[in-house]
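*Asks:* The following block contains the structure, expressed as structure tokens.
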Amino acid sequence: MSEAHPDLVPGGAGAGDGATDGADTVTALRARFPDGFVRAVVMSGQTVVHVTKASAHAILEWLQQDPAQRFDYLTDLTCVEYRDPERPLEVVYQLRSLSRKADVRVKIPLDPQGPLDVQSVTDLWSGANWLEREAWDMFGVRFKDHPDLRRILMWEGYAEGFPLRKSFPLRGHWSRAEQTRQALDANPEAYYSLEELSIAEAYGELPADVRDRLAKAGKVLP
């Protein structure tokens with residue numbers, strides 16, 4: 001078993017064998033961003049680094065661009081809210097260095113009762129665009145300077161809140177009848193471009209029964 005690294009705290013099953021994974025990254029990050037580093041743990045062999053919101057964008061940029069790090073692939077971006085109300089809501093970035101075959105997870109703790117906003121990383125990873133929209137849609141975390149921060153799973157204009165927050169009721173805030181009425185009254189044309197709404201290019205790939213229904217409704221596409 002590897003010797004424990006002073007910058008890493010074992011934090012779960014499987015942490016022993018991976019206790020030194022990412023140790024060099026953590027040491028360099030802590031030295032470069034002493035005010036932005038909060039703590040680092042190893043969970044199931046995965047290095048997890050907690051950083052402050054103020055320094056998060058600079059840290060993520062450094063992880064991507066520093067020649068010794070090269071975490072060039074954003075595997076995932078999401079949020080986690082715990083049942084314990086005293087624990088922070090976390091914005092989570094899963095990064096991968098393709099050349100080094102190394103992974104690191106970066107977490108930004110936010111006060112669930114405070115402003116839920118962080119800097120967008122779409123300037124670093126274009127693939128963050130839809131991931132940040134999903135985090136906004138489901139958790140209400142606003143990503144500053146995002147080029148197009150709109151709902152992506154729920155329709156724009158959805159007014160019940162953010163479905164993956166722990167405060168969100170299992171069946172939503174409204175009755176099923178009211179939810180249905182809201183959905184039927186939704187006007188997607190007010191929020192989405194014609195290109196986003198059009199199925200013209202994919203018309204031939206639609207199931208036959210769907211094409212039949214469109215034909216009977218007088219909506220046959222060329």
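*Asks:* Taking the options Lys107, Lys101, Lys144, name whichever one is charged (D, E, K, R) and farther than 28 Å from Phe168 by Cα.
*Replies:* Going through Lys107, Lys101, Lys144 in turn, just one is charged (D, E, K, R) and farther than 28 Å from Phe168 by Cα: Lys101.
*Asks:* Is it true that Asp24 is at pLDDT below 90 and either closer than 30 Å to Asp123 by Cα or basic (Lys, Arg) (or both)? Explain how you work it out, then say what you get.
*Replies:* Numbers: at pLDDT below 90: no; either closer than 30 Å to Asp123 by Cα or basic (Lys, Arg) (or both): yes.
Against the criterion (at pLDDT below 90 and either closer than 30 Å to Asp123 by Cα or basic (Lys, Arg) (or both)), Asp24 does not qualify.
*Asks:* Only one of Glu134, Glu90 is acidic (Asp, Glu), touching a residue at least 12 places away in the same chain (Cβ under 8 Å) and within 15 Å of Lys166 (Cβ to Cβ); which?
*Replies:* The match here is Glu90.
*Asks:* Check off (1) in a helix (DSSP H, G or I); (2) among the basic types (Lys, Arg); (3) at pLDDT below 95 for Arg30 and give me the number that stays unchecked.
*Replies:* Among (1) in a helix (DSSP H, G or I); (2) among the basic types (Lys, Arg); (3) at pLDDT below 95, the lone unmet condition for Arg30 is (3).
*Asks:* Hey, Gly12 hits all of (1) within 22 Å of Arg133 (Cβ to Cβ); (2) in contact with a strand residue (DSSP E or B) (Cβ under 8 Å, 6 or more places away or on another chain); (3) modelled with pLDDT under 95 but one; which does it fall short on?
*Replies:* For Gly12, the exception is condition (1).
*Asks:* Let me ask something else. Given the stretch 112-222, what helices (runs of 4 or more DSSP H) lie entirely inside it while holding 1 or more residues that are modelled with pLDDT of 75 or more?
*Replies:* The helices (runs of 4 or more DSSP H) meeting that bar are 128-139, 176-185, 208-216.
*Asks:* Take the stretch 47-59 and flag every residue that is surrounded by 16 or more Cβ atoms within 10 Å (Cβ to Cβ) and in a helix (DSSP H, G or I).
*Replies:* Answer for the stretch 47-59, where residues must be surrounded by 16 or more Cβ atoms within 10 Å (Cβ to Cβ) and in a helix (DSSP H, G or I): Lys53, Ser55, Ala56, His57, Ile59.
*Asks:* Looking at Leu95, Leu89, which one is under 12 Å from Thr25 (Cβ atoms) and not small (Gly, Ala, Ser)?
*Replies:* That would be Leu95, the only listed residue that is under 12 Å from Thr25 (Cβ atoms) and not small (Gly, Ala, Ser).
*Asks:* Let me spell it out: the conditions are (1) surrounded by 18 or more Cβ atoms within 10 Å (Cβ to Cβ); (2) over 21 Å from Leu164 (Cβ atoms); (3) among the charged types (D, E, K, R), and Arg96 meets all of them except one. Which number is the exception?
*Replies:* Checking Arg96 against (1) surrounded by 18 or more Cβ atoms within 10 Å (Cβ to Cβ); (2) over 21 Å from Leu164 (Cβ atoms); (3) among the charged types (D, E, K, R), the one that fails is (1).
*Asks:* Of the residues that sit in the stretch 111-127 and are among the aliphatic types (A, V, I, L, M) and within 18 Å of Asp76 (Cβ to Cβ), which one is surrounded by the fewest Cβ atoms within 10 Å (Cβ to Cβ)?
*Replies:* So the residue we want is Leu124.
*Asks:* Looking at Glu61, Glu86, which is the one that is under 23 Å from Gly140 (Cβ atoms) and of a type outside the set (S, T, N, Q)?
*Replies:* Details: Glu61 fails: under 23 Å from Gly140 (Cβ atoms).
Sole residue among the options that is under 23 Å from Gly140 (Cβ atoms) and of a type outside the set (S, T, N, Q): Glu86.
The values are calculated or read from the model by the stated rules, or taken from the named source; none is laboratory data. All figures in this text were calculated on a predicted structure; none of them were measured in a lab. All Cβ positions, glycine included, derive from the backbone under ideal geometry; neighbour counts span all protein chains shown.
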